[in-house]
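*Asks:* Have a look at the structure that comes next, please.
A short reminder: the numbers here are calculations on the coordinates, not readings from a lab. Everything numeric in this text was worked out from a predicted model, so none of it was measured. Quick reminder, even Gly has a Cβ in these numbers, built from the backbone with ideal geometry, and neighbours come from all protein chains shown.
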Amino acid sequence: MITEWEHGEAEPNLDDLVKLHSIYQISLDELVLSTKPYKTVSASKWLNQFDRALKKK
């Protein structure tokens, strides 16, 4: 799913953005509109956090 976002093949839906907001504790504006990452996080750590958030629902 995330790879599709990175390659421009798909866009995240609102539910996914809200989950990311929850994980990183940043506003949706910052998440969607920012051109710079809010925090530097390794890809594997980010994916693990995102997978855990998806499984909680």
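*Asks:* What aspartates and glutamates sit close enough to residue 55 to cross-link, taking a C-alpha to C-alpha distance under 14 Å and skipping anything fewer than 8 places away on the same chain?
*Replies:* Counting by Cα, and skipping residues close in sequence, residue 55 has these aspartates and glutamates nearby: 15, 16.
*Asks:* Could you please report the charge total around residue 4, scoring K, R as +1 and D, E as -1 over all other residues with beta-carbon less than 14 angstrom from its beta-carbon?
*Replies:* Working: positive: none; negative: 6, 9, 11, 16.
Result for the neighbourhood of residue 4: -4.
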